[in-house]
1. Might you let me know whether the stretch 115-135 holds any residue that is among the small types (Gly, Ala, Ser), outside any strand (DSSP E or B) and surrounded by fewer than 22 Cβ atoms within 10 Å (Cβ to Cβ)?
2. Just one of Glu81, Glu41 is under 16 Å from Asp175 (Cα atoms) and out of contact with any helix residue (DSSP H, G or I) (no Cβ under 9 Å at 6 or more places or on another chain); which is it?
3. Quick check: is even one residue across the stretch 1-17 in a loop (DSSP other than H, G, I, E, B), at pLDDT 50 or above, in contact with a strand residue (DSSP E or B) (Cβ under 7 Å, 6 or more places away or on another chain) and in the same structural domain as Thr102 (by TED's automatic domain parsing)?
4. How many residues does the stretch 136-153 hold that are among the polar types (S, T, N, Q), in contact with a strand residue (DSSP E or B) (Cβ under 9 Å, 6 or more places away or on another chain) and either within 30 Å of Leu266 (Cβ to Cβ) or part of a loop (DSSP other than H, G, I, E, B) (or both)?
5. Could you give every pair whose Cβ atoms fall below 6 Å, whose first residue belongs to the stretch 182-211 and is among the charged types (D, E, K, R) and crowded, with 22+ Cβ neighbours inside 10 Å, and whose second residue is part of a loop (DSSP other than H, G, I, E, B) and modelled with pLDDT under 95, counting only separations of at least 6 or pairs across chains?
6. Pairs under 7 Å by beta carbon, first residue without any contact (Cβ under 8 Å) to a residue 40 or more places away in the chain and within 19 Å of Ala96 (Cα to Cα) in the stretch 41-63, partner of a type outside the set (Asp, Glu) and not in a loop (DSSP other than H, G, I, E, B), six or more apart or different chains?
7. For Ile230, all conditions in the list (1) out of contact with any strand residue (DSSP E or B) (no Cβ under 6 Å at 6 or more places or on another chain); (2) crowded, with 23+ Cβ neighbours inside 10 Å hold save one; what is the number of the exception?
8. Return yes when Ile145 is more than 28 Å from Tyr108 (Cα to Cα), assigned by TED's automatic domain parsing to the domain that holds Thr102, surrounded by 22 or more Cβ atoms within 10 Å (Cβ to Cβ) and aliphatic (A, V, I, L, M) and no when it is not.
Amino acid sequence: MILATLSLASCQPGGNTNGEAPDPLGTTYPRVQLIEHFTGEACGYCPYGMNLIQELYAANPDKYVWISNHTYYRDEYTISESNTIARKLSVSSAPAISVNRTRYNNSYNYHPLDIQTVMAKQESTSNSTLSIERTYIAAANDLVITVHGKTSEAMDSLRLTLAITESGMIGAQEDYYYTWEGWTKFRHTHAVRTYLTAPLGESVKLTNRTFTKEFRTSLQAGWNDENCMIVGWITAGNATYPVLNAAKIPLVEGSKGGEDIVHGGLEERSVPDTYPESGAPATPVVFKVARLLFENNEDYTLAALEAYDMDTIVDKYSSYNLFPYTVLYFILPANTTELADGTYTIADRADAQPGNIIAGYRNDTEHTVEGSQYVGALINNERIYYGKQWMLTSGSLTKTAEGFVLEGVTRNGSPIHAEFTGTFEISVGNSPLRKTEKMHFFH
């Protein structure tokens, strides 16, 4: 655990005010958007969430403050203050984000899949603003931060939160989209190292609708100061949301504060030859139930073929019974309500082309938490995301009105054969697919 290193918080003379003449009521300022990201090394879907944030952030990083609170289980970057914020925003899973602590679908936190939609609803200006200055003497490990804030609204106080983030740290990371095994070395970014205020902020009084507040602190041993960013944001009065405006400044003058560092895997976790191979049953599997589910979206239909054999329990992990099943996904033309008969190509992720199926298969007799949890993915454009699974690297699915036959070869060279004979159950609606399956896709 990284311990917070705040050694002293002091205020300038004059009651936290700088004596500035207030701007006219109703004056607006450019708004910097706050993205609070909730993640963790044990979160296998979090690198995918990071990718979604990065796509938005990289287009114009000056418009955003991105912080990552490691709150999904504990890892070496977890601090108690991050957990406090997660509880306040009702974060119960990862990846999750909150944009300016504004509500979306009746929640203050949501999946990074929604970041573009949520961001489109945010105002680009605010009636309040803040700026950050710093003096840092590296040799003495002495950092003095001065925050200036002001508002053109008639209010007596603002609530300020101040933190330090770091990028470029190398640690482990589960990653179910790129590699099931995950990474022994992964480059982490935007991680909150310490909060210099209370994690939910502290009230600062205004004079002439302005304030100045000073903090003094030092860095924890092992932090790379050139990859550290000082970040802050304000809310109205004693409220903790919504965030009115945010600001950031590199800790070291002339550095980029880690903004030039992008998260990513560096060294994949090795897997022994005895690792249970999902998709390598001792005998071919014959499924007893199969269904087709269609979800209609504005310009495409997302379809899933699911097949189960719940009568055959292959193992038990914790309180969960494990049984053979497969899920294959398809992007189809809008308003489609059937999956055409024919043979569909199964392709390895690295070689997949639009229209291919990328498929996995769960039927291991020595299932562990490191094994395949569920399967399936597809692509509908150049973006390829998939779930926690051992992947088939080649093969085919042949579907007819009487059922289907799935043939393929897994990543370790094991053959796979599964089939179903009978009538498919059909479900058509706006959201028949499970949320955990839907989040495998980006459209």
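1. Yes, the conditions are met somewhere in the stretch 115-135.
2. Being under 16 Å from Asp175 (Cα atoms) and out of contact with any helix residue (DSSP H, G or I) (no Cβ under 9 Å at 6 or more places or on another chain) holds for just one of Glu81, Glu41, which is Glu41.
3. For the stretch 1-17, residues in a loop (DSSP other than H, G, I, E, B), at pLDDT 50 or above, in contact with a strand residue (DSSP E or B) (Cβ under 7 Å, 6 or more places away or on another chain) and in the same structural domain as Thr102 (by TED's automatic domain parsing): absent.
4. Qualifying residue count, the stretch 136-153: 1.
5. Arg209/Pro22
6. Tyr57/Tyr64; Tyr57/Trp66
7. (1)
8. So Ile145 passes the test.
The values are calculated or read from the model by the stated rules, or taken from the named source; none is laboratory data. All values derive from a computational prediction rather than experimental measurement. Reconstructed Cβ throughout: ideal geometry from the backbone, glycine too, with neighbour counts over all protein chains shown.
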